[in-house]
């Protein structure tokens, strides 16, 4: 099973694909979708098209995405929500089930501590996936999201949902 993790952003959207093979996680690909200095609709189109391309080229079967974190700036949260929507739409358009996780859930799943900083996430992603180097922050966050989703899938499989997932194949 291949999981595409997404760390959404209106300027930089991180992506990372992992494969779950007999309970082992393997790195497939990762990177960043960097938007040019364009208006928001053009950036959303770039996100949609780029995520669609990653899904197709990497053979992703699941999409996991970080949920919106609302801080003081409502406008930023709205723009981030739109970037998430473009990525989710690309996954749904390709028939992928979507899992949504808060930053706290992702960090807790990967680092074991929900308040971990970005360097801790990068370090654990590198360790879990046995990477030669440290991935860029947005790509590491996306890979962490995919790892978090893989833990959720493993839990569901352990609960007897394996047959349901195979029936969809």
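The numbers here are math on the coordinates, done by the rules we state, and not lab data. Just so it is clear, the model here is predicted, and its values are computed rather than measured. Glycine gets a Cβ as well: all are built from the backbone with ideal geometry, and neighbour counts include every protein chain shown.
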- Would you mind ranking 45, 36 so that the residue whose beta carbon has the fewest other beta carbons within 10 Å leads the list? 36, 45
- Please work out whether region 45-124 counts as rounded, prolate or oblate from its C-alpha gyration tensor, where a ≥ b ≥ c are the square roots of the eigenvalues and a/c under 1.5 means rounded, while otherwise a/b larger than b/c means prolate and anything else oblate? oblate
- Message: I want to check the label-to-label distance for residue 127 and residue 57. Put each point 7 Å from Cα in the C-beta direction and report it in nm to one decimal.
- Response: 3.1 nm
- Would you mind computing, in nm to one decimal, how far apart the modelled labels at residue 94 and residue 151 are, each placed 7 Å from Cα along Cα→Cβ? 2.5 nm
- Between residue 38 and residue 136, what FRET efficiency follows from the Cβ-Cβ distance if R0 is 22 Å, with the result rounded to 0.05? 0.55
- Using only the Cα atoms of region 40-79, build the gyration tensor, take square roots of its eigenvalues as a ≥ b ≥ c, and label the shape rounded, prolate or oblate: rounded if a/c is under 1.5, else prolate if a/b is larger than b/c, else oblate. oblate
- Note on the structure: CD proxy, 222 nm, the chain: helix-only mean residue ellipticity via -39,500 (n - 2.57) per DSSP H run with n ≥ 4, per residue, nearest 500, stands at -16500 deg cm²/dmol
- Task: With everything on Cα atoms, drop me the angle between helix 74-93 and the longest principal axis of the chain, reported from 0 to 90° to the nearest 10.
- Result: 50 degrees
- Item | Acute angle (nearest 10 degrees) that the helix 118-128 long axis makes with the longest principal axis of the chain, alpha-carbon atoms | 30 degrees
- Task: Please give the helix 137-156 orientation as an angle from the longest Cα principal axis of the chain, in degrees from 0 to 90, rounded to the nearest 10.
- Result: 40 degrees
- Provide the gained length on full extension for the span residue 117 to residue 21, in nm with one decimal, where the gain is 0.36 nm per separating residue minus the Cα-Cα distance. 31.7 nm
- Take 108, 118 and order them by how many other Cβ atoms sit within 10 Å, fewest up front. 118, 108
- Query: Which shape class, rounded, prolate or oblate, goes with region 15-56 when its Cα gyration tensor gives a ≥ b ≥ c as root eigenvalues, a/c under 1.5 marks rounded, and past that a/b bigger than b/c marks prolate?
  - Reply: prolate
- Please report the orientation-averaged projected area of region 2-168, defined via the convex hull of its C-alpha atoms, in nm². 9.7 nm²
- Note on the structure: Here, residue 45 and residue 72, labelled 7 Å along Cα→Cβ, have an inter-label distance in nm of 3.5 nm
- Note on the structure: Most exposed to least, judged by fewest other Cβ atoms within 10 Å, 110, 92 sort to 92, 110
- Query: For the chain, what is the relative contact order in percent, using Cα pairs closer than 8 Å and at least 6 residues apart in sequence?
  - Reply: 29 percent
